[in-house]
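Trainee: Structure incoming, see below.
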Amino acid sequence: MSLKTLKPGYSGEVKDRLENFNGNQLVYVGWDHQLLFCAPFTLAVSPDIPFGQLRDQVMASVFSPHPEWTQINWDSAGWLLDGKAFVPQLDVSLQAQGIDHKSLLRFQTPELAGFMSAAV
Amino acid sequence: MAAKKLNTKDKYRLLTRDLDWEFSYEDRKQAFPFEEFEGIKITDWSKWEDPFRLTMDTYWKYQAEKEKKLYAIFDAVAQNNGHTNISDPRYANALKLFLTGVSPLEYQAHQGFAHTGRQFGGVGARIACQMQSIDELRHVQTQVHAMSHYNKFFDGFQDWSHMHDRVWYLSVPKSFFDDARSAGPFEFLVAISFSFEYVLTNLLFVPFMSGAAYNGDMATVTFGFSAQSDEARHMTLGLEVIKFLLEQHEDNVPIVQEWIDKWFWRGTRLLTLVSMMMDYMLPNKVMSWKEAWEVYFEEAGGALFKDLARYGIRAPKYAETIEKEKEHVSHQAWWLFYSYGDATAFHTWIPSDEELDWLSEKYPDTFDKYYRPRWEMAKKMEAQGKRFYTKGLPQLCNCCQIPLMFTEMDNPTQLAYRDTVYKDERYHFCSDGCHDIFVAEPEKYVQSWLPVHQILQGNCGGPGLEDVLRDYYRMNVGADNLDMKGSPDEQRWNSWKGVA
Ligand SMILES: [Fe+2]
Ligand SMILES: [Fe+2]
Ligand SMILES: [Zn+2]
């Protein structure tokens with residue numbers, strides 16, 4: 001079904017197109033089974049930054065208040081990019097490894113159970 | 001000699017149905033241009049049963065009397081320093097949420113019913129909508145007057161309508177009504193009169209009004225009583241519109257069902273805010289959100305949908321998911337607001353130990369297992385002098401605009417993620433319900449004004465979050481926001497009560 005409108009040919013303005021973010025793109029990042037942070041984050045970053053910078057600077061700026069952030073073993077952590085298994089390359093830009101505007105990145109750290117083993 | 005006074009029946013006929021006229025030289029379709037595009041078929045408007053059974057002259061007389069009493073009580077509340085009689089200063093924060101989140105919806109309802117009150121071809125429906133439009137305007141006015149006394153003594157009440165249009169969490173109620181008002185007139189009525197006022201309104205009104213009664217807030221209780229007779233009429237309109245549409249033509253059934261599915265889902269997402277108000281913001285609790293949901297939706301709504309089955313209408317889609325969510329949403333929502341409490345125009349706090357025990361008792365299957373540990377963690381951090389505030393902006397649902405804070409119901413430590421790609425652009429949602437609403441009408445929701453994205457596009461001032469809060473949202477940073485502990489609200493309360 002599509003939108004029923006008074007006049008034919010209606011189309012809506014796409015509010016969140018890449019061009020509207022002043023050279024940045026959006027990346028959403030969530031830490032699976034970790035609920036100290038109530039929701040995933042929206043990050044605005046340049047598509048040209050390498051993954052390592054996203055992880056160790058941008059993500060660290062929001063996730064590091066969690067006491068377990070520094071204990072994450074990135075070698076064993078799992079990643080999902082838009083729902084599919086993903087192996088990030090630290091030196092490669094986001095754009096070059098398929099992390100595009102409004103992509104969702106999720107990471108899993110099964111060995112960390114959180115505060116009181118309750119995923120906090 | 002003719003009687004001086006018309007009898008009720010004649011008066012009713014003359015002042016409602018008889019206000020219509022035949023279109024002899026103009027095209028009736030052009031007079032009511034909104035009536036057909038939604039695909040709804042009306043074969044006979046005269047079959048519309050007037051739900052209000054009220055004429056304008058009696059309306060004014062009756063409402064004026066009610067209002068006189070209401071304002072007398074407001075005056076008494078002010079003269080007797082009613083703000084010092086509330087149970088606890090934390091209670092005022094529920095009112096802040098109400099004034100910024102709900103009262104502007106009354107105004108939106110006023111505008112929406114004024115529009116539908118012009119656009120329906122049937123005079124009975126037009127008059128019902130016009131009366132409701134006036135009711136809703138009275139509601140926003142009387143609520144503002146009820147709250148004005150609190151505005152003199154507590155922070156966070158001052159810029160409610162400005163905030164409603166801009167503040168991140170208020171985009172949840174605002175976008176709900178914008179969605180309904182930008183729909184056609186029949187969808188608007190199914191959305192607001194039926195799905196919201198008939199099916200869900202008790203879950204909004206009862207918590208706030210009984211909450212007021214339990215917490216010593218005479219002004220709000222009195223408002224609630226004065227609005228009650230209006231609400232009864234609004235609910236009748238909701239039921240009438242459904243029955244009328246379903247009886248007019250069988251082709252209307254699938255359209256109406258789709259609207260019920262959509263608006264039931266949007267409504268329950270909106271009520272997430274009420275759930276946390278009930279479980280966390282009322283110092284004296286009325287009942288738990290879960291209990292309210294069971295009484296007002298599962299029992300009452302269950303009977304309603306059994307009744308509508310004869311028209312081929314089934315219970316709303318995803319009702320089973322919602323049934324499970326009643327165990328979780330209030331806890332998830334208060335954690336969201338607590339952890340973003342530096343960006344809210346009301347205060348937040350860690351529940352007291354007594355309250356934590358009350359929550360364990362009311363939610364034996366979920367609270368201790370999933371939610372108490374967060375509060376223990378928050379207590380620990382607060383004790384170390386590091387009251388927890390999340391840094392960074394959350395990801396929002398492109399439909400309901402709530403941060404993606406809802407978890408999978410069969411896996412409650414995992415956040416739920418849904419997405420779709422439309423015209424090469426990816427969109428994210430909190431749930432299947434929100435996903436389906438987008439997919440049905442993508443051209444509408446690609447336009448969502450998502451507060452987080454707007455900030456990141458530079459449309460809300462800045463550059464820092466505090467600049468946005470202070471200049472764009474007009475919050476008094478340091479007074480309106482942050483924890484209840486140490487707030488100016490708390491300090492004033494203590495000085496009124498002579499507590500050091
Ligand atoms: Fe109202
Ligand atoms: Fe109403
Ligand atoms: Zn949603």
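Trainee: Calculate, in whole percent, how much of the Cα-Cα pair population of chain B lies beyond 36 Å.
Mentor: The share of Cα pairs beyond 36 Å in chain B comes to 33 percent.
Trainee: What is the helix-to-structure angle for B:103-119, meaning the angle in degrees between its Cα long axis and the longest Cα principal axis of chain B, kept from 0 to 90 and rounded to the nearest 10?
Mentor: 20
Trainee: So how strong a dipole does chain B carry about its Cα centre when Lys and Arg Cβ are +1 and Asp and Glu Cβ are -1, to the nearest 20 debye?
Mentor: 1060
Trainee: Counting only helical runs of four or more DSSP H residues, what would the 222 nm mean residue ellipticity of the protein assembly as shown come to if each run contributes -39,500 (n - 2.57) and the total is spread over all its residues?
Mentor: Calculated mean residue ellipticity at 222 nm is -13500 deg cm²/dmol.
Trainee: Follow-up. Quick check on segment B:1-125: what are the equivalent-ellipsoid semi-axes from the Cα gyration tensor, as sqrt(5λ), descending, whole Å?
Mentor: Three semi-axes, in Å: 41, 25, 10.
Trainee: Compute the distance in nm between two label points, each set 7 Å from the Cα along the Cα-to-Cβ direction, one at B:Lys423 and one at B:Lys41.
Mentor: About 3.2 nm separates the two model spin labels.
Trainee: If we sort B:387-399, B:190-202, B:132-144 on the protection proxy, mean other Cβ atoms within 10 Å, highest first, what's the order?
Mentor: So the order, starting with the most tightly packed, is B:190-202, B:387-399, B:132-144.
Trainee: Could you state, as a whole-number percent, how many of the C-alpha pairs of segment B:391-500 are farther apart than 24 Å?
Mentor: 47
Trainee: How much length, in nm to one decimal, is gained on full extension between B:Trp358 and B:Asp467, taken as 0.36 nm per residue of separation minus their Cα-Cα distance?
Mentor: This chain segment gains 35.4 nm when fully extended.
Trainee: Can I ask one more? How many Å² of accessible area per residue for the protein assembly as shown, probe 1.4 Å?
Mentor: Result: 41 Å² per residue.
Trainee: So if a site counts as exposed when it's one of the trypsin sites (Lys or Arg not before Pro), its DSSP state isn't H, G, I, E or B, and it has at most 16 other Cβ atoms within 10 Å, what's the longest stretch of chain A without one?
Mentor: Within chain A, the longest run free of exposed trypsin sites (Lys or Arg not before Pro) spans A:18-120.
Trainee: Another question, then. Over the Cα atoms of the protein assembly as shown, what radius of gyration and what Dmax do you get, in Å?
Mentor: 25.6, 99
Trainee: Right, something else. Quantify how strongly other chains surround peptide B:455-466 by giving the mean number of their Cβ atoms within 10 Å of each of its Cβ atoms.
Mentor: That works out to 2 on average.
Trainee: Further question: Rounded to the nearest 20 debye, what is the charge dipole size of the protein assembly as shown about its Cα centre when +1 sits on each Lys and Arg Cβ and -1 on each Asp and Glu Cβ?
Mentor: That gives a dipole near 1320 debye.
Trainee: For chain A, what's the relative contact order in percent, using C-alpha pairs closer than 8 Å and at least 6 residues apart?
Mentor: Averaging sequence separation for qualifying contacts and normalising by length gives 33 percent for chain A.
Trainee: Mind grabbing the interface size between B and A? I mean buried accessible area, both sides, 1.4 Å probe, in Å² to the nearest hundred.
Mentor: So the buried area, both faces added, is about 4500 Å².
Trainee: What average number of partner chain Cβ atoms lie no more than 10 Å from the Cβ of the residues making up B:403-413?
Mentor: 3
Trainee: Please give the residues of segment B:317-344, grouped as numeric ranges, whose backbone N is less than 19 Å from a label point set 7 Å along the Cα-to-Cβ vector of B:Gln491.
Mentor: B:342
Trainee: For a distance above 14 Å, tell me the whole-number percent of Cα pairs in segment B:385-453 that qualify.
Mentor: In whole percent, the share of Cα-Cα pairs in segment B:385-453 beyond 14 Å is 61.
Trainee: Follow-up question, since we're still on this one. Take the alpha carbon gyration tensor of segment A:20-117, find the square roots of its eigenvalues, order them as a ≥ b ≥ c, and report rounded if a/c is under 1.5; if not, report prolate when a/b exceeds b/c, else oblate.
Mentor: It comes out prolate by the Cα gyration axes.
Trainee: Got a sec? Which residues in segment A:56-98 would a label at B:Lys380 touch, if it sits 7 Å along Cα→Cβ and we count backbone N under 11 Å?
Mentor: Under cut-off, by backbone N: A:67-68.
Trainee: Specify which residue in the list B:Met409, B:Tyr371, B:Leu469 is farthest towards the positive end of the charge dipole of segment B:322-477, using unit charges on the beta carbon of Lys, Arg (+1) and Asp, Glu (-1), about the Cα centre.
Mentor: Farthest towards the positive pole: B:Leu469.
Trainee: Within 10 Å of each candidate Cβ there may be at most 13 other Cβ atoms; applying that plus a DSSP loop requirement, which chymotrypsin sites (Phe, Trp or Tyr not before Pro) in segment A:1-109 survive?
Mentor: Those satisfying the criteria are A:Tyr10, A:Trp74.
Trainee: Okay, next question. Which percent of Cα pairs goes in each bin when the distances of segment B:249-377 are cut into 10 angstrom slices starting at zero?
Mentor: 11, 38, 27, 15, 7, 1
Trainee: Residues of segment B:448-474 with backbone nitrogen within less than 14 Å of a virtual label 7 Å along the Cα-to-Cβ line of B:Ser182, please, listed as ranges.
Mentor: Within reach of a label on B:Ser182: B:448-451.
Trainee: Can you give the relative contact order of chain B as a percent, counting alpha carbon pairs under 8 Å and 6+ residues apart?
Mentor: In percent, rounded to a whole number, it is 17.
Trainee: Report the relative contact order of segment B:284-435, percent, no decimals, based on alpha-carbon pairs under 8 angstrom and at least 6 residues apart.
Mentor: 17
Trainee: Here's something else I'd like to know. Please list 3J(HN,Hα) in residue order for segment A:41-51, calculated via the Karplus relation 6.51 cos²θ - 1.76 cosθ + 1.60 where θ = phi - 60°; whole Hz, with x for glycine and proline.
Mentor: Coupling constants for segment A:41-51: 9, 9, 10, 9, 9, 6, x, 8, 5, x, 4 Hz.
Trainee: Tell me whether segment B:111-172 comes out rounded, prolate or oblate; compute the Cα gyration tensor, take square roots of the eigenvalues as a ≥ b ≥ c, and use a/c under 1.5 as the rounded threshold.
Mentor: oblate
Trainee: Using the Kirkwood formula on the Cα atoms of segment B:196-311, what hydrodynamic radius do you get, in angstrom to one decimal?
Mentor: 15.5
Trainee: I'd like the carbon and sulfur percentage of the solvent accessible area for the protein assembly as shown, probe radius 1.4 Å, heavy atoms only, ligands and nucleic acids excluded.
Mentor: Carbon with sulfur: 52 percent of the solvent-accessible area.
The values are calculated or read from the model by the stated rules, or taken from the named source; none is laboratory data. Computed from a predicted structure; not experimentally measured. As a convention, Cβ positions derive from the backbone with ideal geometry for all residues, glycine included, and neighbour counts pool all protein chains shown. For accessibility, only protein heavy atoms count, side chains too; no ligands or nucleic acids. Shrake-Rupley method; radii C 1.70, N 1.55, O 1.52, S 1.80 Å.
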